[in-house]
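Asker: Input: one structure, supplied below.
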Amino acid sequence: QVVPGPDETVAHVVAGEPEAVRRRSEELYQREWSRHSPRQVNLVIANISGGAEAQNWQNVGRALASAELLLDDGGAVVICSNLEQPPGHSLGRLIGSADLEKAARKIFHDHGADSVTAWLVARALQRGPVYFLSRLDSETVEDLGFAPVDSVGDLARLAGRHESCVV
C-alpha cells in the first residue's frame, strides 16, 4: 500500500498481511494529512498545489472538507487554485441555485464523477462564504455560489478583514 505525500510524492510504502497493512496505512495517512489547529479560525486559506493534473474539482472538495475542520461557525474559506476545468453535471446543479439545501438533496442522489465534490461544495456554501481564486471566469465562479478572488492583492485584503486566519 502506498501512502501519498505532498507534491505528488510517496510518503510511505507498507507491505504485509492485508488487514495490518490497511490499519497501518490509515494511521500513516492520518498523520501525514490531518491538520489540527489549537483553536478555530474565521478564515481558512487553502491552496491546491501541484501541476495541472492536481488542479481539479476533487481537490477543491478535499480542500473544503479539510478547511471545515478548522473553521469557526460562519467562518469563510478561500480556495486558491489554477483550476480551469469547467464544472461537471452535479456541480452544475449549483449554478444559479437559490436553495442550496434542495440542490444538495438532488446531488446526494447523483452518481456522477463529481457528485461527492458537488455535495461538499454545497455543504461549504451553506456553512459560510467561500471565495475562489482560479482560472475560471468570474461569472462561472459566481454562478456556482463562490465569491471570485481576482488577485493575490484581493486575497491579502480579505485576510486583513478577518481576526483569525490560517493558511
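The values are calculated or read from the model by the stated rules, or taken from the named source; none is laboratory data. This one's a predicted model, so the numbers in the text were calculated from it and none came from an experiment. Cβ: placed from backbone, ideal geometry, glycine included. Neighbour counts: every protein chain shown. In case anyone asks, the SASA skips ligands and DNA or RNA and just uses the protein heavy atoms, side chains included. Shrake-Rupley method; radii C 1.70, N 1.55, O 1.52, S 1.80 Å.
Asker: Does the stretch 104-112 include one or more residues that are acidic (Asp, Glu) and part of a strand (DSSP E or B)?
Answerer: Taking every residue of the stretch 104-112 in turn, none turns out to be acidic (Asp, Glu) and part of a strand (DSSP E or B).
Asker: Is it the case that residue 101 is under 24 Å from residue 150 (Cβ atoms) and open to solvent by 90 Å² or more (accessible area, probe 1.4 Å)? Walk me through it before giving the result.
Answerer: On the way: under 24 Å from residue 150 (Cβ atoms): no; open to solvent by 90 Å² or more (accessible area, probe 1.4 Å): yes.
No; evaluated as a whole, the condition is false for this residue.
Asker: Further question on the same structure: Take residue 77 and tell me if it is within 13 Å of residue 121 (Cβ to Cβ), part of a helix (DSSP H, G or I), open to solvent by less than 90 Å² (accessible area, probe 1.4 Å) and touching a helix residue (DSSP H, G or I) at 6+ places or on another chain (Cβ under 9 Å).
Answerer: Values: within 13 Å of residue 121 (Cβ to Cβ): yes; part of a helix (DSSP H, G or I): no; open to solvent by less than 90 Å² (accessible area, probe 1.4 Å): yes; touching a helix residue (DSSP H, G or I) at 6+ places or on another chain (Cβ under 9 Å): yes.
No.
Asker: Given 120, 133, 91, which one is modelled with pLDDT of 95 or more and either under 17 Å from residue 62 (Cβ atoms) or basic (Lys, Arg) (or both)?
Answerer: The unique qualifying residue is 133.
Asker: Have a look at 90, 66 and point out the one that is closer than 25 Å to residue 33 by Cβ, touching a Gly at 6+ places or on another chain (Cβ under 7 Å), of a type in the set (S, T, N, Q) and assigned to a helix (DSSP H, G or I).
Answerer: So the residue among 90, 66 that is closer than 25 Å to residue 33 by Cβ, touching a Gly at 6+ places or on another chain (Cβ under 7 Å), of a type in the set (S, T, N, Q) and assigned to a helix (DSSP H, G or I) is 90.
Asker: Here's a follow-up. Across the stretch 134-160, which residue is farthest from residue 42 (Cα to Cα) among those that are out of contact with any Leu (no Cβ under 9 Å at 6 or more places or on another chain), assigned to a helix (DSSP H, G or I) and charged (D, E, K, R)?
Answerer: Per the stated criteria, the residue is 139.
Asker: Name the residue that is farthest from residue 63 (Cα to Cα), counting only residues in the stretch 3-36 that are open to solvent by less than 80 Å² (accessible area, probe 1.4 Å) and assigned to a strand (DSSP E or B).
Answerer: If we take residues in the stretch 3-36 being open to solvent by less than 80 Å² (accessible area, probe 1.4 Å) and assigned to a strand (DSSP E or B), then 12 is farthest from residue 63 (Cα to Cα).
Asker: While we're here: Checking residue 60 against (1) free of Cβ contacts under 8 Å to residues at least 60 places away in the same chain; (2) open to solvent by less than 90 Å² (accessible area, probe 1.4 Å), which single condition isn't satisfied?
Answerer: (1)
Asker: Next question, about the same structure. Which of (1) open to solvent by 30 Å² or more (accessible area, probe 1.4 Å); (2) in contact with a Phe, Trp or Tyr (Cβ under 7 Å, 6 or more places away or on another chain); (3) under 28 Å from residue 161 (Cβ atoms) does residue 85 not meet, given it meets every other one?
Answerer: Among (1) open to solvent by 30 Å² or more (accessible area, probe 1.4 Å); (2) in contact with a Phe, Trp or Tyr (Cβ under 7 Å, 6 or more places away or on another chain); (3) under 28 Å from residue 161 (Cβ atoms), residue 85 violates only (3).
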